[in-house]
Amino acid sequence: MAKITTENYVAEAKKAIKNQVLQEALADLQHRFGRGTAECYRQLPEGPDLRLRAHDIRMKDIENLDVVLETLVANIRKNGGHVYFAEDGQAAVNYCLEVAHKHKVRRVVKGKSMVSEEIGLNDALVEAGIDVSETDLGEYIIQLAGETPSHIIAPAIHKTRSEIGSLFADKLDIPYDDDPSRLTWAARKALREKFLAADMGTSGCNIACAETGHITTLSNEGNIRMSTTMPRIHVAFMGMERVAARLEDHDILLRLLCRGAAAQNMATYVSYIGGPRSAGEVDGPQEFHLVVLDNGRSRILADEEFREMLCCIRCAACLNVCPVYAKIGGHSYGYAYSGPVGAVVTPLLVGINRAADLCQGETLCGACQDICPVNIDIPRMLLALRTKLAEGDSAWGVTPADRKEKLLFQAWSWMIRNRRLYDAAVKLAATGQRLFAQKDDMIGRLPPPVHGWTKGRDIKPLAAESFISRWKKSL
Ligand code: SF4
């Protein structure tokens, strides 16, 4: 299964902030994609409000997911495809291994898929003695380096071209070069042989359409089309929520997805895949399997507070504008999904306590919702997660993350409801603060248990006399 290191969020974030190369790469990413996406929305013939319509489409599909999925499955089976519902990641992996064993698969080529990252597909295939090659250039780099993606769309964003040059020299046995186009050619040459030799191709699914019974994949490199059409078997993985009921709605989502993901009107390669090769067709797989993954999504669907998160189409636009992601990068989040989407989805999938720091780390600035092609209210759900961590929640199995903090706020709540006590406490604090060094009329260090507030900032001291007291005197 995929490695989950959400507990290391703070330590990894501190490391990332000190990494100058990463800081430059992230700043460049945000500059290019963040701004570009907003401009793309403005240029839509329907205008940016198409995002609101897309939100309604997604919510309607999610609320009718049972019927929509049934239609999708019936149509895919009619087209000759196989569909498997996987309750969790292990079941999805086992199904893929079964298909691989049945067909004596020895080599697999993979199109980029975050769901396969979520379930740890690569490691499972390798453990079973199968040779697996990522074919998206960024994913290929990451695989050669033995790392995990640090961005949903740009997985190798944290690597410099000289690092990639050294990596290719070492792993592909070629002379060192750091020219991007020559490095791309080297990867292309190595991958071409993999495509030709592969028995099975795997892919994700950007969005499926129930009405037609097809899945859609997008790429700018053509690798997914080769992974899904050249080998004799194609196994596609999709989160159970990634489906639109109608083709008309599917196409709206597709247009927005390309804008959100890469500030493009449309990806270079768009493939609609609806089953295996038909009689008389010259390409396409002999068998097509769709694995529909639950892995905790039913639980999200059942909760009205978080159901909206299933609208997500994993475009990564929110990463490209998030001020937190811009500083700490993707690895700090400790799971397949990073940035604002990861800060909500990861706790819901792996456990709210286990991933407690992720939602606490976000700023609630709202930039994620503003750029989201389906206008998901991420800040609302970040706050809902924080509430669960503060108060506990038996339905989600959450224990209060910090009992001391809870006690502190209970005391605070009791005090501010008691006027006299509050006034006395403010007076005491205004006098007591003189004990703490003040430079430039600011307090640089507070004592425990509130010392965390001044770890990264100075705070303004309390006024010597409160507003209420001055106001009363003026009456
Ligand atoms: S939350 Fe919105 S912006 Fe972020 S990945 Fe999902 S769809 Fe894209």
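The values are calculated or read from the model by the stated rules, or taken from the named source; none is laboratory data. On a predicted model such as this, the values are computed, not experimentally measured, just so you know. Methodologically, a virtual Cβ is constructed for each residue, glycine included, from the backbone with ideal geometry; neighbour enumeration extends over all protein chains shown.
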- prompt: If you check T216 against the conditions, is it over 22 Å from the mean Cα position of the chain (by Cα) and of a type in the set (V, I, T)?
  reply: no
query: With respect to Y176, is the statement that it is without any contact (Cβ under 8 Å) to a residue 60 or more places away in the chain and part of a helix (DSSP H, G or I) true?
result: no
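Applying the selection to segment 69-93, what residues are touching a Phe, Trp or Tyr at 6+ places or on another chain (Cβ under 9 Å) and within 13 Å of E287 (Cα to Cα)?
Across segment 69-93, the qualifying residues are I76, N79, G80, G81, H82.
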- prompt: Does segment 40-62 hold any residues that are under 14 Å from L257 (Cα atoms) and in a helix (DSSP H, G or I), and which are they?
  reply: C40, Y41, L50, R51, L52, R53, A54, H55, I57, R58
task: With the checklist (1) within 16 Å of the ligand (Cβ to nearest atom); (2) farther than 20 Å from R58 by Cα; (3) surrounded by 19 or more Cβ atoms within 10 Å (Cβ to Cβ) in hand, flag the one item C258 doesn't pass.
output: (2)
- line: For segment 212-233, pairs from a residue that is of a type in the set (D, E) to a residue that is part of a strand (DSSP E or B), with Cβ under 9 Å and 6 or more apart or across chains, are E221/Y269
message: Please pick out the residue among M59, M114 that is surrounded by fewer than 22 Cβ atoms within 10 Å (Cβ to Cβ), in the same structural domain as D199 (by TED's automatic domain parsing) and within 30 Å of H158 (Cα to Cα).
response: M114
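What about K427, is it farther than 30 Å from Q360 by Cβ and surrounded by fewer than 10 Cβ atoms within 10 Å (Cβ to Cβ)?
Details: farther than 30 Å from Q360 by Cβ: yes; surrounded by fewer than 10 Cβ atoms within 10 Å (Cβ to Cβ): no.
Answer is no for this residue.
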message: What's the number of the only condition in (1) surrounded by fewer than 20 Cβ atoms within 10 Å (Cβ to Cβ); (2) more than 24 Å from the chain's Cα centre (by Cα) that A13 fails to meet?
response: (2)
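Would you mention how many residues in segment 335-360 are of a type in the set (S, T, N, Q) and within 12 Å of the ligand (Cβ to nearest atom)? Please lay out each step first, then the result.
Step one: of segment 335-360, the residues of a type in the set (S, T, N, Q) are 338, 346, 353, 360.
Then drop every residue that is not within 12 Å of the ligand (Cβ to nearest atom), which leaves 338.
Residues in segment 335-360 being of a type in the set (S, T, N, Q) and within 12 Å of the ligand (Cβ to nearest atom): 1 in total.
Listed here are the residues, each with its yes/no results for (1) over 19 Å from M114 (Cα atoms); (2) within 16 Å of the ligand (Cβ to nearest atom); (3) at pLDDT 95 or above.
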| position | (1), (2), (3) |
| --- | --- |
| Y269 | no, no, yes |
| G284 | yes, no, no |
| H289 | no, no, yes |
| R307 | yes, yes, yes |
| C315 | no, yes, yes |
| V324 | yes, yes, yes |
| H331 | no, no, yes |
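Sort through L364, L385, L349 and tell me the only one that's more than 24 Å from P448 (Cα to Cα), among the aliphatic types (A, V, I, L, M) and in contact with a Gly (Cβ under 8 Å, 6 or more places away or on another chain).
Values: L364 fails: in contact with a Gly (Cβ under 8 Å, 6 or more places away or on another chain); L385 fails: in contact with a Gly (Cβ under 8 Å, 6 or more places away or on another chain).
Exactly one residue qualifies, and that residue is L349.
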task: For segment 246-260, state whether one or more residues are small (G, A, S) and either in a helix (DSSP H, G or I) or without any contact (Cβ under 8 Å) to a residue 40 or more places away in the chain (or both).
output: yes
message: Just to check your reading of the model, which residue among G89, G80, G129 is among the small types (G, A, S) and at negative phi?
response: G89
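What tally of residues in segment 370-379 results from selecting those that are assigned to a helix (DSSP H, G or I), more than 14 Å from the chain's Cα centre (by Cα) and of a type outside the set (D, E, K, R)?
Step one: of segment 370-379, the residues assigned to a helix (DSSP H, G or I) are 370-371, 378-379.
Of the ones still in play, those that are also more than 14 Å from the chain's Cα centre (by Cα) are 370-371, 379.
Now restrict to residues that are of a type outside the set (D, E, K, R): 371, 379.
Selection size over segment 370-379: 2.
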- prompt: Given (1) within 24 Å of the chain's Cα centre (by Cα); (2) assigned to a loop (DSSP other than H, G, I, E, B); (3) at pLDDT 85 or above, where does A401 come up short, assuming only one miss?
  reply: (3)
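Against the definition (away from the ligand (no atom under 12 Å from the Cβ), surrounded by fewer than 22 Cβ atoms within 10 Å (Cβ to Cβ) and charged (D, E, K, R)), how does D303 come out, yes or no?
Working: away from the ligand (no atom under 12 Å from the Cβ): yes; surrounded by fewer than 22 Cβ atoms within 10 Å (Cβ to Cβ): yes; charged (D, E, K, R): yes.
So D303 fits the description; yes.
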- prompt: Just for segment 143-166: of the residues that are surrounded by fewer than 20 Cβ atoms within 10 Å (Cβ to Cβ) and not in a loop (DSSP other than H, G, I, E, B), which one is nearest to the ligand (Cβ to nearest atom)?
  reply: A145
message: Against the condition in contact with a Gly (Cβ under 9 Å, 6 or more places away or on another chain) and either buried (at least 23 other Cβ atoms within 10 Å of the Cβ) or not assigned by TED's automatic domain parsing to the domain that holds A197 (or both), how does C311 come out, does it pass?
response: no
task: Enumerate the pairs (first residue in segment 127-155 and at pLDDT 95 or above; second residue anywhere and in a strand (DSSP E or B) and surrounded by fewer than 23 Cβ atoms within 10 Å (Cβ to Cβ)) with beta-carbon separation below 6 Å, excluding pairs fewer than 6 apart on the same chain, so at least 6 apart or on different chains.
output: D131/R107
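Every residue in segment 261-311 that is of a type in the set (A, V, I, L, M, F, W, C), in a helix (DSSP H, G or I) and under 23 Å from I153 (Cα atoms), please. Full working, then the answer.
Start the filter on segment 261-311 by keeping residues that are of a type in the set (A, V, I, L, M, F, W, C), which leaves 261-263, 266-267, 270, 273, 279, 282, 288, 290-293, 300-302, 306, 309-311.
Now restrict to residues that are in a helix (DSSP H, G or I): 261-262, 300-302, 309-311.
Listed by number, the residues that qualify are A261, A262, M309, L310, C311.
Would you check if H234 is within 16 Å of the ligand (Cβ to nearest atom) and more than 20 Å from the chain's Cα centre (by Cα)? Lay out the reasoning, then the answer.
On the way: within 16 Å of the ligand (Cβ to nearest atom): no; more than 20 Å from the chain's Cα centre (by Cα): yes.
Taking the combined requirement at face value, the residue does not satisfy it.
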query: Is it the case that segment 158-175 has a residue that's over 28 Å from K78 (Cα atoms), in contact with a His (Cβ under 9 Å, 6 or more places away or on another chain) and of a type outside the set (A, V, I, L, M, F, W, C)?
result: yes
